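A short worksheet on the structure shown next.
The values are calculated or read from the model by the stated rules, or taken from the named source; none is laboratory data. If you're wondering where the values come from, they're calculated on a predicted model, not measured in any experiment. Glycine gets a Cβ as well: all are built from the backbone with ideal geometry, and neighbour counts include every protein chain shown.
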DNA sequence: TACTTAACCTAGCAAAATAGTCAACTATTA
DNA sequence: TAATAGTTGACTATTTTGCTAGGTTAAGTA
Ligand code: FES
Ligand code: FES
């Protein structure tokens, strides 16, 4: 499991998609504009996400992308794994034989740690994040509404 | 929190150090040989680890590196943070103002997730990993011993 | 049928990060 | 003093990243 800005872009885009594709597909152009990510970079990311079976492209006018599964069934680890080249972080490439005596200090250890992180990220779904974010959005909207009300009151003075 | 091979190198080297520096300091040459990491790359990593106050260099013959703290007081997150350039993973660089309406979809969300991963890695100490590894080592040795016994039995036939 | 839309694909590029090298230098200690 | 071993800085190669530019293909619409 590698964790870089690339993965962040992917998670962000997927979250945007989850948030806006309730009714109709969302175009990458829209996501690019909202999240300030280059369109073609998004295309690259979504090509991988599509090949991983997480999203589905709909061509033609009114088209765009939509999720293949429910937001509760899409986890963060899968998204990150989909966009990152699956690099074998071991020297031996699966075989546990690079040295005689201290062979797997790197091998088992990092693999285990990496697996733990993956498990952790697997336990977080898009729905979980959406919920969190929605709470915040609601809070902000309520704040705005409140301010709006205050302004109206002010005008009525 | 970023997770790349660089961090893996650092954690692996620190673990090797923890494992071998019980009695006397360990030279980077030894670690380089054991873990098949380039010596000069290790030097770079250990320069950062030293600046972060995690290891101490001992000069002269019989010198090398040793840990500044107990293995139970050194966590994985700190090691990884020490070798990675502290990059601000947000576009806005701390300010939450990159866009008007959807400002912090990226911001709060990824920051929070990143923080959670960091917390998780903070909860794992070198001692924890050592213990695990030692358990495995014992297991392997036992397995070897068992096979050895089998071979002896075979010879006795 | 022609046109538009947006997915889908390809090649290439500049900047950054990563991984590793080399050589000179300094401090320690046997 | 001579050997050892850390310290430093500059330098190079490779990979990844994020992006641009240009297409092709499928699906709607006039
Ligand atoms: S990396 Fe797999 S055995 Fe050393
Ligand atoms: S990244 Fe911080 S507000 Fe958008």
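Can you tell me how many residues in segment A:1-37 are more than 10 Å from chain B (Cβ to nearest Cβ) and over 23 Å from residue A:60 (Cβ atoms)?
2
In segment B:10-54, how many residues are touching a residue at least 40 places away in the same chain (Cβ under 8 Å), within 11 Å of DNA strand C (Cβ to nearest atom) and surrounded by fewer than 21 Cβ atoms within 10 Å (Cβ to Cβ)?
Here the count works out to 2.
So residue B:56 passes all but one of these: (1) within 14 Å of chain A (Cβ to nearest Cβ); (2) modelled with pLDDT of 90 or more. Which condition number does it fail?
(1)
Are there any pairs with C-beta distances below 9 angstrom linking a residue in segment B:70-93 that is more than 16 Å from residue B:11 (Cβ to Cβ) and within 14 Å of another protein chain (Cβ to nearest Cβ) to a residue that is within 16 Å of ligand 1 (Cβ to nearest atom) and modelled with pLDDT under 90, with the two at least 6 apart or on different chains, and if so which?
Partner pairs satisfying both residue conditions: none exist.
As an exercise: evaluate residue B:4 against (1) closer than 18 Å to residue A:111 by Cβ; (2) buried (at least 20 other Cβ atoms within 10 Å of the Cβ) and give the number of the one condition it does not meet.
Residue B:4 satisfies all of (1) closer than 18 Å to residue A:111 by Cβ; (2) buried (at least 20 other Cβ atoms within 10 Å of the Cβ) except (2).
Any idea how many residues of segment A:55-90 are within 16 Å of ligand 1 (Cβ to nearest atom) and surrounded by 12 or more Cβ atoms within 10 Å (Cβ to Cβ)?
Counting residues in segment A:55-90 that are within 16 Å of ligand 1 (Cβ to nearest atom) and surrounded by 12 or more Cβ atoms within 10 Å (Cβ to Cβ) gives 2.
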